[in-house]
Amino acid sequence: MERNQLLEHIEINPKIMVGKPVIKGTRLTVQYILNLLAHGTAFDGIIQEYNGLTNEDILACLLYASEMLEDTTFMPLIKAV
């Protein structure tokens, strides 16, 4: 699936979840889906838990996050001695 087609799965509406990016037609935020993935939940597990979600919805969350971080500069955390 092409980039633009995937990003169509994400919407930002100030009336839904205070304007956080969500999977279109749901109240599931991109942040929530990324958190599930970061804690080891597989695509299949997320899809089983939330009826109607697709692999493309989850891929759209990953793509959206990737594009939002593209212009972000990270500073390494240095442990204080």
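Tabulated data
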read-out	value
Hits in region 37-72 (condition: among the hydrophobic types (A, V, I, L, M, F, W, C), farther than 22 Å from Ile16 by Cα and part of a loop (DSSP other than H, G, I, E, B))	Ala42
Any hit, region 28-36, residues being of a type outside the set (A, V, I, L, M, F, W, C), part of a helix (DSSP H, G or I) and surrounded by 15 or more Cβ atoms within 10 Å (Cβ to Cβ)	yes
Filter result (outside any loop (DSSP other than H, G, I, E, B), crowded, with 16+ Cβ neighbours inside 10 Å and of a type outside the set (Val, Ile, Thr)) within region 8-27	Met17
Pairs, first on the phi > 0 side of the Ramachandran plot in region 12-41, second hydroxyl-bearing (Ser, Thr, Tyr) and in a strand (DSSP E or B), C-beta under 9 Å, six or more apart	Met17/Thr29
Hits in region 1-57 (condition: touching a strand residue (DSSP E or B) at 6+ places or on another chain (Cβ under 6 Å) and at pLDDT below 95)	none
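The values are calculated or read from the model by the stated rules, or taken from the named source; none is laboratory data. Fair warning: this is a prediction, and the values are worked out from it, not measured in the lab. Virtual Cβ from ideal backbone geometry, glycine too; neighbours counted across all protein chains shown.
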